[in-house]
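Have a look at the structure below before the remarks.
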Amino acid sequence: MTIHKKRIVILASGSGSNAQAIIDACAKDTIKGTVVKLITNVPSAYALERASNANIEATCIDHKTFADRDTFDAALSAEIDHAEPDVVVLAGFMRILSEGFVKKYLGKLLNIHPSLLPKYPGLHTHKRAIDNNDEEHGTSVHFVTPELDGGPVILQAKVPVFEDDTAEELASRVLVQEHKIYPIVVNWLCNERIALKNMKAYFDEMELPECGYASD
Ligand code: NHR
Ligand code: GAR
């Protein structure tokens with residue numbers, strides 16, 4: 001049987017180290033997929049260079065040049081659809097997406113969020129974990145639904161928080177884990193082992209618990 005590689009589009013806003021981890025995993029065949037396009041909303045995002053270095057089509061759709069969120073989302077969606085993706089990956093993508101956009105890609109759209117969801121949806125998660133004296137922190141890969149960072153969790157990874165941690169130190173400890181778990185989950189979606197049904201995440205047809213596959 002021929003396995004058709006899934007077509008992956010990555011959306012990023014910054015450095016793109018998670019995008020790089022996914023690009024590398026595709027190159028090594030640990031993800032049965034091909035990154036066909038990378039799109040940023042920020043012209044200076046280093047993610048664009050990473051994509052061109054890997055001979056992947058890279059485009060910027062600068063949200064600042066659009067009158068409102070809906071026209072930005074429409075342009076973004078048109079650019080994505082051009083690539084005919086099976087999987088759309090948010091990798092450090094920093095714009096909230098409209099309900100219409102999310103519904104169009106429901107079940108194909110993944111995000112990695114730097115906290116142990118449902119803790120700390122939204123921004124500044126590392127600082128919030130430190131300010132609350134949390135002993136552990138981490139990252140969550142989830143299906144994207146219209147509720148911001150509220151979609152069902154597929155996999156999480158934990159890291160310790162040390163007493164004199166700065167937000168930057170904690171962020172880089174979290175990133176190391178992100179680079180490990182995101183390619184795993186992207187591969188699961190490429191292999192159709194995970195699915196979104198009735199806003200719940202399933203793994204091999206089994207409903208996943210609130211904290212995803214590796215919950216304790
Ligand atoms: N869109 C929907 N509908 N649902 C989700 O779960 C989404 C989403 C878009 C992005 C990533 C998310 C994260 O992992 C994500 C999940 C940006 C913001 C934000 O407030 C919040 C969460 C996430 C991404 N963005 C500001 C905005 O006005 C801009 C902030 C900035 O540019 O620095 O869009 O954390
Ligand atoms: C990652 O830690 C990701 O979880 C987080 O930004 C970083 C991006 O790093 N995402 C968000 O905060 C989304 N709001 P990268 O650009 O090097 O992949």
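The values are calculated or read from the model by the stated rules, or taken from the named source; none is laboratory data. Quick caveat: nothing in here was measured; it's all calculated off a predicted structure. FYI the Cβ positions are ideal-geometry reconstructions off the backbone, even for glycines, and counts take in every protein chain you see. For the accessible areas, the whole protein counts, side chains as well, though only heavy atoms, and no ligand, DNA or RNA atoms are used. Shrake-Rupley method; radii C 1.70, N 1.55, O 1.52, S 1.80 Å.
Quick look at the values:
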item	result
Solvent-free Debye scattering, log10 I(q)/I(0), computed from the Cα coordinates of the range 1-86 at q = 0.15, 0.19 Å⁻¹	-0.55, -0.82
Protein accessible area in the range 78-207, 1.4 Å probe - carbon and sulfur %	52 percent
From the C-alpha gyration tensor of the range 138-216, square roots of 5λ in Å	26, 13, 11
Value of [θ]222 nm, deg cm²/dmol, for the chain, DSSP H segments ≥ 4, -39500 (n - 2.57) each, nearest 500	-10000 deg cm²/dmol
Semi-axes of the equivalent ellipsoid for the range 38-126, Cα gyration tensor, largest first, Å	21, 17, 15
Separation of alpha-carbon centers, the range 80-127 and the range 22-70, rounded to whole Å	14 Å
Value of relative contact order over the chain, rounded to a whole percent, pairs C-alpha under 8 Å and six or more apart	19 percent
Peptides 82-88, 181-187 ordered by average Cβ neighbours within 10 Å, highest first	181-187, 82-88
Nearest-0.05 FRET efficiency for Glu135 and Ala78, computed from C-beta distance (R0 45 Å)	0.50
Two-decimal ratio, the chain, of alpha-carbon radius of gyration to 2.2 N^0.38 Å	0.98
Too-long pairs where the Cα-Cα distance tops 21 Å, listed order kept, from Lys28/Lys158; Lys32/Lys200; Lys37/Lys158; Lys5/Lys197; Lys103/Lys158; Lys103/Lys200	Lys28/Lys158; Lys32/Lys200; Lys37/Lys158; Lys5/Lys197; Lys103/Lys158
Extension gain from Tyr202 to Tyr46, taking 0.36 nm per residue of separation minus the Cα-Cα distance	52.8 nm
